[in-house]
Amino acid sequence: MSQIEIIHLSLKDYCEFLGDSNYYFRNNATSRMYIKDNKIWKFDDWEFFSTESPVINYRKELERLNVNVPRELIYLEDNYVGYTISFINGFDLATPVYPLRILEFISKDALYDSYQQAKEHLNEIGELGFDISGDLNDRNIMFDFDTHQFYFIDFDFWKYYELDTQNNTEDLMMLKKIKKANGKRFEHAIVRSKILEKVI
């Protein structure tokens, strides 16, 4: 596993998080999340995310591609309980109001450029061997008001394939399949959100 910061919480610290209703929100009844220090602290109920995940090993590359990767792993008395990720000042594409009002915050040209950039990033994510199509939907794509860029979140169910596309024809075919699946799911989320309805 590549170097990543570890946060060690005492039982008292952990209980203070759980008791702070000002920050608490639940994600699909599988995890509890808190906003603190401009980070989201995500505590897994069912340990969907593994500390051995390839997302950790590729986190620098994925971060460059606007994937909101773990910043630190959280341990409670030597037991893994979750991770932190950066807070994104924006909305997911399933938010009912904002996608239709997006042109109040960004020009048509800038929004279209951001969309094209996200497509390129998604292509590069596939090049790394990540099939994210199974968990790529309008809830897992966010738009950031500060950077005017799209971000991919919630990587717990991403599939990783170690591919040798230079020497293996089957791996090359798999890569094409991954890219196609990722792209199709991304376009579905964009259309469903109607975020580009007045742009293209």
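The values are calculated or read from the model by the stated rules, or taken from the named source; none is laboratory data. Note that the coordinates shown come from a computational prediction; the quantities given were computed from them, not determined experimentally. Virtual Cβ from ideal backbone geometry, glycine too; neighbours counted across all protein chains shown. When the accessible area is computed, the model is the full protein with side chains, heavy atoms only, and any ligands, DNA or RNA have been set aside. Shrake-Rupley method; radii C 1.70, N 1.55, O 1.52, S 1.80 Å.
Please go through region 59-92 and give me each residue that is of a type in the set (Phe, Trp, Tyr) and either touching a helix residue (DSSP H, G or I) at 6+ places or on another chain (Cβ under 9 Å) or open to solvent by less than 10 Å² (accessible area, probe 1.4 Å) (or both), ordered by number. Outline the logic, then answer.
If we filter region 59-92 for residues that are of a type in the set (Phe, Trp, Tyr), which is where we start, we get 75, 80, 83, 87, 91.
Across region 59-92, the qualifying residues are TYR83, PHE91.
Of all residues being among the polar types (S, T, N, Q) and more than 14 Å from ILE85 (Cβ to Cβ) in region 8-38, which is modelled with the lowest pLDDT? Just the residue, please.
First pass over region 8-38, keeping only residues among the polar types (S, T, N, Q): 10, 21-22, 27-28, 30-31, 38.
The next check asks that each one be more than 14 Å from ILE85 (Cβ to Cβ); those that pass are 10, 21-22, 28, 30.
Numbers: SER10: 93, SER21: 66, ASN22: 66, ASN28: 59, THR30: 68.
Here the answer is ASN28.
State all residues of region 147-200 that are among the β-branched types (Val, Ile, Thr) and in a helix (DSSP H, G or I); if no residue qualifies, say none.
Within region 147-200, THR169, ILE178, ILE190, VAL191 meet the criteria.
Kindly list the number of the only condition in (1) touching a residue at least 60 places away in the same chain (Cβ under 8 Å); (2) on the phi < 0 side of the Ramachandran plot; (3) surrounded by 15 or more Cβ atoms within 10 Å (Cβ to Cβ) that fails for LEU103.
All conditions pass for LEU103, except number (3).
Quick one: which residue in LYS194, LYS184, LYS179 is surrounded by 18 or more Cβ atoms within 10 Å (Cβ to Cβ) and more than 13 Å from the chain's Cα centre (by Cα)?
So the residue among LYS194, LYS184, LYS179 that is surrounded by 18 or more Cβ atoms within 10 Å (Cβ to Cβ) and more than 13 Å from the chain's Cα centre (by Cα) is LYS179.
Inside region 116-142, can you point out the residues that are touching a strand residue (DSSP E or B) at 6+ places or on another chain (Cβ under 7 Å) and either of a type in the set (Phe, Trp, Tyr) or more than 17 Å from LEU62 (Cα to Cα) (or both)?
Correct list: PHE130, GLY134, ASP138, ARG139.
When residues of region 126-176 are filtered for being hydroxyl-bearing (Ser, Thr, Tyr) and under 11 Å from the mean Cα position of the chain (by Cα), how many remain?
1
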